[in-house]
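Below: the structure, in structure tokens.
Read-outs throughout are calculated quantities, based only on the coordinates presented, and are distinct from any laboratory measurement. Everything quoted here is computed from the prediction, not taken from an experiment. No Cβ is skipped: glycine too gets one built from the backbone with ideal geometry, and neighbour counts run over all protein chains shown.
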Amino acid sequence: MHSFAWWPTLIVLAVATFTDLRYRRIPNWLVLPFLLVGIAVSGWLHGWHGVGQSIAGMGVGILIYGILYWMAGMGAGDVKLCAAIGAWIGPGQLFIALVITAIVGGIMALCWAAYGGFLGELITGAGELVFDWKASKDADRPLVNPLKRKMPYVPAIAIGTLVSFFSH
């Protein structure tokens with residue numbers, strides 16, 4: 001399944017990266033059919049076990065990125081994209097992809113903040129989010145108000161996902 005998923009995943013990630021960089025959105029018309037086809041292809045190739053793996057991968061994406069969305073550190077499109085990727089590659093490879101994505105995304109966020117001149121504010125906001133998340137619900141915080149310092153995250157997801165194909 002994983003080798004079969006390479007080309008569809010690459011194409012969807014390329015389009016999603018373009019739309020995220022250009023419009024700061026990940027369109028549902030791209031992600032939702034990709035998710036449904038991932039479940040269908042898994043079922044076609046591996047029967048009910050494949051469907052179970054797809055749903056488990058989708059669940060891992062929703063759980064991990066859903067928490068970040070709930071903490072106002074991630075957009076809903078990122079959650080749906082990771083769920084769809086999980087439907088194609090399953091929970092094991094998705095977990096590897098998300099670890100690599102977190103590393104790449106962290107480096108990107110630091111570079112983004114340094115370039116934008118708000119690195120100190122980002123570090124302070126991250127500390128408050130992690131250590132005092134109830135008090136950090138102030139709308140002036142950059143991690144709580146994504147419209148204030150919005151960074152496209154699909155490039156990190158794309159790099160993490162594509163690298164995971166070589167490590168799994």
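Just need the relative contact order of the chain here, percent rounded to a whole number, with Cα pairs under 8 Å and 6+ apart.
Reported as a whole number, the value is 27 percent.
Residues of the range 64-100 with the amide nitrogen closer than 13 Å to a label point 7 Å from the Cα of Trp44, along Cα-to-Cβ, please.
none
At 0.36 nm per residue, minus the direct Cα-Cα distance, what do Trp7 and Leu63 gain on full extension? Give it in nm, one decimal, please.
Stretched out fully, the Trp7 to Leu63 stretch lengthens by 17.6 nm.
Under the classification rounded if a/c is under 1.5, otherwise prolate if a/b is larger than b/c and oblate if not, where does the range 1-98 fall, given a ≥ b ≥ c as square roots of the Cα gyration tensor eigenvalues?
Oblate, since a/c reaches 1.5 and b/c is not below a/b.
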